[in-house]
Structures are given as structure tokens and as C-alpha cells.
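This report refers to the structure that appears directly beneath it.
The values are calculated or read from the model by the stated rules, or taken from the named source; none is laboratory data. In this text the structure is predicted, and so the values were computed from the model without any measurement. Ideal geometry is used to build each Cβ from the backbone, glycine not excepted, and the neighbour counts take in all protein chains shown.
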Amino acid sequence: MSLRVYNTLSGEKEVFEPRLPGKVGMYVCGVTVYDYCHIGHARANIVFDVIYRYLRYLGYTVNYVRNYTDVDDKIINRANERGIDSKALAEEFIRAFDEDMAALGLDLPTCQPKATEHIGHIIALIEKLIARGLAYAAGGDVYFVVEKFPEYLKLSKRNLDEMQAGARIAPGELKRHPMDFALWKAAKAGEPEWASPWGKGRPGWHIECSAMSMEYLGESFDIHGGGKDLVFPHHENEIAQSEGATGKPFARYWLHNGFVNVNQEKMSKSLGNFFTIRDILKKYAPEVIRFFIVTAHYRSPLDFSDQNLEESRHGLTRFYEALERADAHLAAHTSRDATCAVLDAESREIFDRIEVLEDKFCTAMDDDFNTAQAMGYLFEVVRGMNRIMAENKYAECPLLLLALKDAADKLRRLGGVLGLFQSVPSEWLNKSKNEGINASGLSAEMIEALIVERREARAAKNFARGDEIRDELAAKGIILLDSRTGTTWKIK
């Protein structure tokens, strides 16, 4: 099966065929750097990091460009609120963004351009649009003429007449049509400015991405990505100004990730459910966040909640526990004979699932990067690994020991495509255990003391107190595991 991607432009899944064989040009809209990034930014950037990784896994050479918007109304307003220079504010939050993305384990893009470093490219593109009659200067501003681009709104599938009916020209704007959008804004007191043929000013938001993507990927390239919220107006306007200037198709495939809700409500500071990446990383390991995000399809809505993050922590723990046990079993047993006369039905099913795992993983990922389905196949193999180890099935059939090694190797290799399972299992499990302890409000010493108290209560035949301690710990997410050799515990 060849890779198929859902193209917002056509509204359908299409076979992915890059312009140049073996090479992919991908541009993803970055952040406007005026504040710390939130969980929505985490999702968008992890989604396209996984796409970037999978394309390379398929053997493509990927030129991945992700920009910084470092001049914008929001940056200027925030800088004024804090009484600092807008450039200093932008640099502060560029550093914060880089730190957050590194913490989440993202691979670096090929290039990370800044809008302010491409003013010359932006001005040249605007001049080309004016020369083609698709833009006009008015009082130091420059606007794009939407009515002269017949395919305007082809990405968002909106109707220009209907939108015009509700649109208004704001006071101070000199545009001719309510839907015309700014390519260049005349300078205002206290704002950053650059010289231009239309007077001092700064670029509009949309034009910067056209200029930077063309500079690093050419006038036409393969994939343009971003969140669903960017379809209109940002990406719609990018298409209009880019194709208007060059007369060529801009991006072949438009990919957009879905929204993030918080406890089934839209994330909003006014609702008090706004969480930065830094807030979340105080409670959850970065890999837990990645695991949570990739267990849903990238175009689907995603509900962020403590319950869902705890479930992701538990799910990720299952993988690391299986890998840790597999490493121990493989270190303790060597197979002299990798054959066996007969595999029982259950063993045959486990063996077959491990054997075809990579093919099934790729089939899922080739279906519009369906990480949710791919994760389902990985879970199936972990269940099989646990059965092999729990029942010592390889004692009767050494072939299953080789299958166990194959499964562990594949989990790590395919997990790497998703940015998962790359830590040493024992180190990750110890760290996760400590994080789980912190979430429970109990220290390891407190848990061990309660286990001792429970053992003494049971020895004195005070079973009611023993059960009470077990239930108290379970309510805090601490599960007791009794065996002949004693009692251990784990985080639920």
C-alpha cells in the first residue's frame, strides 16, 4: 500500500506523490512568539514531528521548514504591556518554544526561519503582486485584492458573497473591499518598522509564510501543515498571494491537525482550563504527552484531561514493563535450537502477529498517518510478549525466544517513528514511579510503611485493617501486588 494523505484542498485522501522522486518539501506554520506554548501547540508540533519521522522512515529526504512569527500585533501589545522591546520579547519566547519542543523530544526541522530576517523577500513578493494588479497601496498599507483571485476560498470552501455580507472595514483601514487583507502595514508610533517602497512599516501576518516557504522550498512544494484553526484566513490567504504572484500551484497537499479540548470544553483562559506545556510537564513526563497524542488520529478532536493523561501513563508503562522483562528473559536464556515441532494455536497467533507487525504498522501509517491504529497493533504485540514470558512458552519452543527478541526490536524501531520507547526501561519506570508517587501525594517511604503496617495487621488477623490499607492505597493509584515472597507495589 502506498502512502495516502487527507488533503484539505480536495477534501479527500490522495496518493502521496512528491514533486521530486525521493524528496519531500514540507512547510509547517510555527508559533507567534508572544507567550508560552500550550497543549494545542504541543499537539500540532508532535503531529508534524511524527509525519516528518515517518517520511524519513519511508526513505524520503525531507526538507522540513517551520517558521517563527516574530513580528505581530500580539507581540507588540505584549511587549508594550511589559515595557520592553518587541524584539527582546520575541527572542525570549523563541527560546522558550525551543526548550519546550526539545523537552517533548521533537527532532529539529531542517530550517527555522524568522519573519524579521526575511523582510526583503516579503517586500519583493508584495511588489510582484502589485505589478500583477493583485494588490494596491493605500496610505502606506498594501492590500491583496481578493476579487481578482477567482479561486479565493477554495481551501476553506467558503462563499465570498456570504462572507462579504457580514464583513466590515474597520476605522482607519483604507482597503477597497471588506475581505481584502493586509500585506504590509504602515508604521505606527512605538512599533517595529522597516523601510519599503510604500513607506516605513511592517509585514502582515500571512505574507511572511509565503515568502519564507518560497525561499526554502521553491514556488511549489509538497506538504503545507498546521492546525485546523489556520485553514481560514491564514492558509487561504497564503494560497491567494502565493499562486497570485507565481501563477503556479503553491502546496500540493494541505494537512491540518484537529483541535484540543480540555475536559470536553474548548480551551480558554477565561474558563480557567488553559494549560501551558510547562504546566503539564510538572505533572507528566514528556513521553506520556507524546503517547497521549499519538493514540488519537491527528485529524480527530483530542480531549485533554488528567484522567486521559493517567491512562496514557499507564499504557506507556505497560510497554516499558514488557521491554524490561523481555530484556531480562533474553539475557537469561539463550536458544541452542530455534526450532520446535509444533506451535500451539495461541503461540502460532502470537508468532504471526510479531512477524507481520512492521507491515501492519506501515499499513496503518500509510492510511493518512493513522497512529491510533498503529498503536493498536503495537499493543497486540505487547500482549503477546507478556503471554510468552508469563507462561515460559519458549521453554518448549525456542523459536518463541527469537520471536520475543524480534518483538522487542520492532517495538523500539517502530516506536522511534512515533518518538516512543527509546529510554532504558528500568530508568523510565523508576522515573515514572516517582512521578506517580508525587501525583498520589505519598512518598515511597510512606507507601512502604503502610505495607509493613498491613503485613503486621494481617499477621495479627486484623484483616479489616489490612483491607482498609489496601483500599486507601488503591484510591490514590497505588496497587499492591502480593506474592509468596512478599508485597510489592506499582502505580495504577
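Residue under question is Gly199, and the condition is that it be at positive phi, of a type outside the set (D, E, K, R), more than 24 Å from the chain's Cα centre (by Cα) and at pLDDT below 95; does it hold?
Judged against the criteria, Gly199 is not a match.
Do we have Asp367 as surrounded by 14 or more Cβ atoms within 10 Å (Cβ to Cβ), over 19 Å from Tyr52 (Cα atoms), of a type in the set (Asp, Glu) and at pLDDT 90 or above here?
In short, no.
Among residues belonging to region 259-317 that are within 19 Å of Gly105 (Cα to Cα) and of a type in the set (S, T, N, Q), point out the one that is farthest from the chain's Cα centre (by Cα).
Across region 259-317, the extreme among qualifying residues is Thr317.
I'm trying to understand the selection: among the residues of region 68-85, which are farther than 23 Å from His118 by Cα and among the charged types (D, E, K, R)?
Glu81, Arg82, listed by residue number.
What number of residues in region 197-215 are closer than 13 Å to Gly139 by Cβ and part of a loop (DSSP other than H, G, I, E, B)?
3
Looking at (1) at pLDDT below 95; (2) outside the structural domain of Glu99 (by TED's automatic domain parsing); (3) not acidic (Asp, Glu), which one does Phe274 not meet, given that it meets all the others?
(2)
Which of the following residues is among the aromatic types (Phe, Trp, Tyr) and either modelled with pLDDT under 95 or more than 21 Å from Thr295 (Cα to Cα) (or both): Tyr6, Tyr57, Tyr64?
The conditions single out Tyr64.
Of everything in region 151-186, what is part of a helix (DSSP H, G or I) and either closer than 22 Å to Pro203 by Cβ or not hydrophobic (A, V, I, L, M, F, W, C) (or both)? Give them in sequence order.
Result: Asp161, Glu162, Gln164, Gly166.
Restricting to region 399-422, count the residues that are among the hydrophobic types (A, V, I, L, M, F, W, C) and either outside any helix (DSSP H, G or I) or free of Cβ contacts under 8 Å to residues at least 40 places away in the same chain (or both).
Result for region 399-422: 2.
Identify all residues within region 288-329 that are over 25 Å from Arg387 (Cα atoms) and acidic (Asp, Glu); write none if there are none.
Asp303, Asp306
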